[in-house]
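Notes follow once the structure below has been shown.
The values are calculated or read from the model by the stated rules, or taken from the named source; none is laboratory data. Since we're looking at a predicted model, the values are computed, not measured. Don't worry about glycine lacking a Cβ; one is built from the backbone with ideal geometry, like all the others, and counts go over all protein chains shown. SASA here: full protein model, heavy atoms, side chains in, ligands and nucleic acids out. Shrake-Rupley method; radii C 1.70, N 1.55, O 1.52, S 1.80 Å.
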Amino acid sequence: MKAEIIKLLTAKSMSLEPSSKNHDAVLPEDIAHYLGTRGLSGVEYNLLVAKYADNSKARSLISQELYYQTYNNFINLLKDKKLQHKTTIGHQRSLIQKFINLAMREVIENACPICNGKGFIANLSQITKCVHCDNSGNFIYDDNNRREMIGLTRKNYSIYKDFYHNLLEKLQNIEISALSKIGDT
């Protein structure tokens, strides 16, 4: 089963057209049952639903789970760098959440937000290649873009870079595990 089939879980608007007479249709209940029998953990299930069904509730649950899993690692990083006394608890929480949101965006959303995944930017007078995705439609996540998206200086981003990459790897491993459990690689 391909992960894209999960998109069928999303609610559709009511159609007044007669439905298919074919009884071989795949229903959202069928997909939910299939996912329920694959042994997915909660975070794996939520990642698939967030990515392929664009479900904001699932995104929120992943974010919350990652926050609880990574908070102590972040605090230990601040202690190791002797920075804990320089940041407020509110700032620490905000920074952790920014890293989580960026990692989730990087795993879940591939399309370039500048050109909307088209690879070019068109206005009334010209069509230009999008430099943010190198004309591919897929946003290029590199450390310069990441630090700008989070709003950190180069120096401050270098302090947290390993933390972010570990968080991103953790999220990517969750996706790989979930896809392998449903037979998609």
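For every residue, the table says whether it meets (1) part of a helix (DSSP H, G or I); (2) open to solvent by less than 30 Å² (accessible area, probe 1.4 Å); (3) closer than 20 Å to Ser56 by Cα.
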residue	(1), (2), (3)
His91	yes, no, no
Gln97	yes, no, yes
Met104	yes, yes, yes
Ile114	no, no, no
Ile121	no, no, no
Ser125	no, no, no
His132	no, no, no
Asn135	no, no, no
Glu148	yes, no, no
### Task
Return the total of residues in the range 74-89 being open to solvent by 90 Å² or more (accessible area, probe 1.4 Å) and assigned to a helix (DSSP H, G or I).
5
### Message
Against the condition free of Cβ contacts under 8 Å to residues at least 12 places away in the same chain and closer than 23 Å to Phe139 by Cβ, how does Ser56 come out, does it pass?
### Response
yes
### Task
Pull up the range 4-55, narrow it to residues that are among the basic types (Lys, Arg), assigned to a loop (DSSP other than H, G, I, E, B) and modelled with pLDDT under 75, then point me to the one that is farthest from Leu179 (Cα to Cα).
Lys21
### Task
Can you work out which of the residues in the range 150-185 that are part of a loop (DSSP other than H, G, I, E, B) and of a type in the set (S, T, N, Q) is farthest from Ser94 (Cα to Cα)?
Thr185
### Message
Any residue that is closer than 26 Å to Leu168 by Cα and at pLDDT below 75 - is there at least one of those in the range 65-84?
### Response
yes
### Subset of the range 160-185 that is farther than 15 Å from Asn46 by Cα and either aromatic (Phe, Trp, Tyr) or open to solvent by less than 40 Å² (accessible area, probe 1.4 Å) (or both) - its residue that is nearest to the chain's Cα centre (by Cα)
Leu168
### Message
List the residue pairs whose Cβ atoms are under 8 Å apart, where the first residue sits in the range 59-80 and is within 20 Å of Val107 (Cα to Cα), the second is polar (S, T, N, Q) and assigned to a helix (DSSP H, G or I), and the two are 6 or more positions apart or on different chains.
### Response
Arg59/Asn46; Leu61/Asn46; Ile62/Asn46; Ser63/Gln97; Ser63/Asn101; Glu65/Asn46; Tyr67/Gln97
